[in-house]
Every structure is written in C-alpha cells, then in structure tokens.
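Report on the following structure.
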Amino acid sequence: MSFVSTQAPTSLVLAAVVVSTIGGLVAVWLAQVVPPRMGVEDRPRPVGWWVAAVLTGAAYGWLVTRTVDSWAVLPAFLVFGTATLALALIDLDHQLIPNRVLFPGLGVSAALLVIGAIIDGGSSALLRGILGGVVYFLILLAVGLVARGGFGMGDVKLALLLGLFLGYLGWNILMLGSVLAILMGGVAAVGLLALTKKKRDAKFAYGPYLVVGAWIALIWGEELLDWYLRAS
C-alpha cells in the first residue's frame with residue numbers, strides 16, 4: 001500500500017485538506033504574533049515560511065485521513081494538527097512552548113474529540129486517550145527529572161496533548177510516537193552538540209521532534225508497526 005494513499009471518502013479528504021491548509025496559515029500567524037506578546041523578540045516570517053505552512057497543512061490534512069475517516073472525529077485531529085504545528089514553529093525559534101497556545105489548543109481539540117467520540121460511540125478510545133495523555137506526561141516528566149532538564153516543562157505539558165490523540169488511536173501508537181520522538185530528539189541533540197560545540201546545558205528545542213514523532217505515529221503507525229513485526 002502506498003504511504004500517501006487514503007481510502008477515506010473524497011469529500012472528507014477535500015474538506016480535511018482545505019481546513020488543514022488554513023490551519024497551516026494560522027499556525028504561522030500564531031508563531032509570529034504570540035512570542036512578541038510574551039516579550040520575546042519578534043521575528044517576522046518570510047514568504048517561504050507561509051508557503052511551507054500551506055504545503056505542510058495540506059499534506060497533514062490529506063495524510064491524516066489515512067487514519068481518521070470519521071466526520072465526527074476529524075475536526076479534533078485537524079485542530080490538533082494546527083496547534084502542534086504552531087507550537088513546533090515557536091519552539092524552533094524561541095525554545096519555548098507557550099501556554100497561551102498549548103492550553104487553548106488542548107482545550108478546543110479535547111472538546112472536539114469528546115464530542116466526536118460520543119457521536120461515534122468511541123467512549124473506550126476516549127478513555128484510553130485521556131489515560132494516554134497522563135501516561136505520556138508522566139514519562140516525559142520522569143525523563144526530565146532524571147536527566148536534570150532533559151525536557152523542559154513546556155515539552156512535558158505538550159505530552160498531554162500528544163498523548164491524548166496518540167492514545168485515542170491505541171497504546172501501540174502512543175508507544176511508537178514517544179519512542180520516535182525521544183530517539184529523533186536525542187540524535188538531533190547529540191549532532192547539534194557535536195557540530196556546534198555548544199555546552200551540554202544549552203537550550204534545545206525538543207518540541208518539534210515530539211510533534212514529528214506524534215505525526216508519524218498517527219499517520220503511518222500501523223504500517224510501521226506491521227513492518228517491524230514482519231522484519232523481526
């Protein structure tokens with residue numbers, strides 16, 4: 001099966017692509033507007049950022065329908081995509097996960113997920129998602145405490161949002177997303193230290209790797225897990 005094909009209805013795919021493309025623009029706008037309100041240096045986005053946001057949003061909207069083919073639940077996953085993209089962009093620039101983006105994104109997407117789950121009769125998946133958010137939060141909190149700052153509290157709080165949606169899809173998806181994120185972030189951190197000769201306590205943006213790991217698990221998790229089981 002192609003890694004970009006989707007079996008979802010055409011109308012649902014088109015709606016997801018349109019809404020998620022707009023979400024990409026909203027994400028870049030938030031990344032430009034929110035930091036100055038927090039007293040952080042303003043960094044206007046060049047045209048390339050907006051183009052990349054449109055393409056990323058459109059791609060996410062298309063690919064997320066590989067996993068989510070329900071009109072009831074899809075809005076929650078689209079808001080999740082916009083919120084996590086905005087947080088990743090802000091973290092890349094400023095090494096922070098602002099509460100004023102994280103908590104509204106979590107609140108709106110969680111509310112939509114609850115409504116969608118009720119409509120779809122997915123109460124067990126919703127409960128698993130809530131537990132998944134708590135578990136992922138505790139995992140990153142433990143890693144951060146043991147590693148003495150390996151993860152900032154922004155990253156730990158971000159795990160609530162990521163774990164909610166990964167857990168909703170399954171414990172195996174949550175596990176994959178967390179493993180991918182930690183591995184990619186660890187490799188990137190080591191590479192950055194080696195190439196730039198920064199000190200070990202230098203700030204590093206883990207948020208984007210947490211988000212990318214979650215997106216990969218959300219979109220291709222089942223295929224990757226099937227491939228791993230066959231290979232082993």
Next item on the list: Within the range 23-54, work out how many residues are more than 17 Å from the chain's Cα centre (by Cα) and either farther than 15 Å from PRO98 by Cβ or in a helix (DSSP H, G or I) (or both).
Entry: 15
Note to self: On the basis of being at pLDDT below 95 and either within 19 Å of ILE97 (Cα to Cα) or among the hydroxyl-bearing types (Ser, Thr, Tyr) (or both), does GLY149 make the cut?
What the structure shows: yes
Next item on the list: May I ask you to list the residues in the range 59-85 that are among the small types (Gly, Ala, Ser) and at pLDDT below 95?
Entry: SER70
Checklist line | Looking only at the range 169-182, and only at residues there that are out of contact with any Phe, Trp or Tyr (no Cβ under 9 Å at 6 or more places or on another chain) and of a type outside the set (A, V, I, L, M), the one that is surrounded by the most Cβ atoms within 10 Å (Cβ to Cβ) | finding: GLY170
Next item on the list: Give, as residue ranges, the helices (runs of 4 or more DSSP H) completely inside the range 67-169 that count at least 1 residues that are under 24 Å from ALA189 (Cα atoms), polar (S, T, N, Q) and in contact with a Leu (Cβ under 9 Å, 6 or more places away or on another chain).
Entry: 74-94
Margin query: Quick check on VAL17: is it within 30 Å of ALA72 (Cα to Cα), free of Cβ contacts under 8 Å to residues at least 24 places away in the same chain and surrounded by 12 or more Cβ atoms within 10 Å (Cβ to Cβ)?
Written below: no
Checklist line | From VAL114, VAL135, VAL146, residue being within 17 Å of the chain's Cα centre (by Cα) and either hydrophobic (A, V, I, L, M, F, W, C) or closer than 29 Å to VAL40 by Cα (or both) | finding: VAL135
Next item on the list: Return yes when ALA214 is at pLDDT 90 or above, of a type in the set (A, V, I, L, M, F, W, C) and in a helix (DSSP H, G or I) and no when it is not.
Entry: yes
Note to self: Looking at the range 101-110, can you tell me whether even one residue there is among the aromatic types (Phe, Trp, Tyr), modelled with pLDDT under 90 and surrounded by fewer than 17 Cβ atoms within 10 Å (Cβ to Cβ)?
What the structure shows: no
Checklist line | Cβ pairs under 6 Å, 6+ apart, first in the range 104-116 and more than 11 Å from PHE77 (Cα to Cα), second outside any helix (DSSP H, G or I) and at pLDDT 95 or above | finding: none
Item checked: Subset of the range 183-202 (residues that are surrounded by 10 or more Cβ atoms within 10 Å (Cβ to Cβ), part of a helix (DSSP H, G or I) and either aromatic (Phe, Trp, Tyr) or modelled with pLDDT under 85 (or both)) -> GLY185, GLY186, VAL187, ALA188, ALA189, VAL190, GLY191, LEU192, LEU193
Check: For the range 1-13, what are the residues that are surrounded by 14 or more Cβ atoms within 10 Å (Cβ to Cβ) and assigned to a helix (DSSP H, G or I)?
Finding: LEU12, VAL13
Check: Checking VAL54 against (1) closer than 25 Å to LEU12 by Cβ; (2) at pLDDT 95 or above; (3) surrounded by fewer than 21 Cβ atoms within 10 Å (Cβ to Cβ), which single condition isn't satisfied?
Finding: (2)
Check: Residue check, GLY116 against (1) crowded, with 21+ Cβ neighbours inside 10 Å; (2) closer than 19 Å to TRP29 by Cβ, all met but one. Which one?
Finding: (2)
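The values are calculated or read from the model by the stated rules, or taken from the named source; none is laboratory data. Computed from a prediction, not measured in an experiment: that's the story for all the values here. Neighbour counts run over all protein chains shown; Cβ positions are idealised from the backbone, glycine included.
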